[in-house]
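Derivation of every value follows stated rules applied to the coordinates shown; laboratory data play no part. The structure displayed is predicted, hence computed values, not measured ones. Cβ placement follows ideal geometry from the backbone for every residue including glycine, while neighbour counts extend to all protein chains displayed.
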Amino acid sequence: MEIRLLLTDDAEIYKEIRLEGLKKNPEAFGSSYEEEAGRPPEVYGERFKGDNSFHFGAFEKGKLIGVVSLVRETGLKVNHRSNIYAMYVTESSRQNGVGRRLVGKAVEKARSWDGVEQIHLAVMSENIPAKKLYASFGFEVYGKERHALKIDGKYYDEDMMALFL
C-alpha cells in the first residue's frame, strides 16, 4: 500500500471515492451525495493545490482505497489549530490498517507545521471503530454536538475530538 499526497490529476478518482463514501456512509459527512454529485472533478483538484490543506490517498495496486484531508486554520487567533476532514476507507479495505496509516500521515503532517498545536475532528458518536482509531493516536472527546446531522428525518450526534501535540 502506498500513502501519498493527492495531485490535481487525481481529482476524478477522488470524486469517485468521495461519492462512494457519501452514498454508503452519509452519516459520516457534513456534505451530501446530492450536493457533490454535480460538482466537476476540477473542484477537488483545486483543493489539492492549497498551502494550508493536504489531502492524502491510500493506493493499493494503483486503486484509491482511502482518503483523509488535513486543513490548517488560517485566522490569526486560530492558526495554531488544524482539522481532519473527509476520512473514508472503502468497505473492502477496512480492518487492514488503511485508516491507521492515513490518520498517521495526517498527524505527522500537522506535527511538521510550525506553530500547529492541535488537531480537531468530528466523528459520529456511534462510530466506535473510528473513535477507537482516533483515540489510539491520543485524540480525546471534548464535547458532543447533539443532532449535528439530520438525514431522512433521523438525527445523528457527533463527538468532537482533539489531539494536543
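Working only within region 119-148, note down all residues that are in contact with a strand residue (DSSP E or B) (Cβ under 7 Å, 6 or more places away or on another chain) and either without any contact (Cβ under 8 Å) to a residue 24 or more places away in the chain or acidic (D, E) (or both).
Keep residues of region 119-148 that are in contact with a strand residue (DSSP E or B) (Cβ under 7 Å, 6 or more places away or on another chain), which gives 119-125, 130-131, 134, 137-148.
Passing the criteria: E140, V141, Y142, G143, K144, E145, R146, H147.
Residues in region 98-108 that are more than 21 Å from N25 (Cα to Cα) and either surrounded by fewer than 18 Cβ atoms within 10 Å (Cβ to Cβ) or touching a residue at least 60 places away in the same chain (Cβ under 8 Å) (or both): G104, K105, E108.
For region 12-20, check the following and say yes or no: at least one residue is in contact (Cβ under 8 Å) with a residue 12 or more places away in the chain, more than 22 Å from R101 (Cα to Cα) and over 13 Å from the mean Cα position of the chain (by Cα). The answer is yes, given that some residue of region 12-20 is in contact (Cβ under 8 Å) with a residue 12 or more places away in the chain, more than 22 Å from R101 (Cα to Cα) and over 13 Å from the mean Cα position of the chain (by Cα).
Beta carbons closer than 6 Å, at least 6 apart along the sequence or on distinct chains, pair a first residue in region 32-50 that is touching a residue at least 40 places away in the same chain (Cβ under 8 Å) and within 19 Å of L70 (Cα to Cα) with a second that is buried (at least 16 other Cβ atoms within 10 Å of the Cβ) and of a type in the set (A, V, I, L, M, F, W, C) for F48/L6. The residue that is farthest from E158 (Cα to Cα), counting only those in region 10-64 that are in contact with a helix residue (DSSP H, G or I) (Cβ under 7 Å, 6 or more places away or on another chain) and assigned to a loop (DSSP other than H, G, I, E, B), is K49.
In this structure, is K15 surrounded by fewer than 16 Cβ atoms within 10 Å (Cβ to Cβ) and among the basic types (K, R)? Talk me through it step by step, then tell me what you get.
Working: surrounded by fewer than 16 Cβ atoms within 10 Å (Cβ to Cβ): no; among the basic types (K, R): yes.
It is false that K15 is surrounded by fewer than 16 Cβ atoms within 10 Å (Cβ to Cβ) and among the basic types (K, R).
In the set (1) within 22 Å of R18 (Cα to Cα); (2) surrounded by fewer than 18 Cβ atoms within 10 Å (Cβ to Cβ), H80 fails one condition alone, (1). Here V67 fits the description: touching a residue at least 24 places away in the same chain (Cβ under 8 Å) and surrounded by 13 or more Cβ atoms within 10 Å (Cβ to Cβ).
Each row is one residue, and each column tells you yes or no for (1) part of a loop (DSSP other than H, G, I, E, B); (2) of a type outside the set (S, T, N, Q).
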position: V71; (1), (2): no, yes
position: M87; (1), (2): no, yes
position: S92; (1), (2): no, no
position: R101; (1), (2): no, yes
position: A106; (1), (2): no, yes
position: A110; (1), (2): no, yes
position: G115; (1), (2): yes, yes
position: K131; (1), (2): no, yes
position: G143; (1), (2): no, yes
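Hey, among the residues in region 123-165 that are touching a His at 6+ places or on another chain (Cβ under 8 Å) and farther than 17 Å from Y85 by Cβ, which one's surrounded by the most Cβ atoms within 10 Å (Cβ to Cβ)? Within region 123-165, the match that is surrounded by the most Cβ atoms within 10 Å (Cβ to Cβ) is D157.
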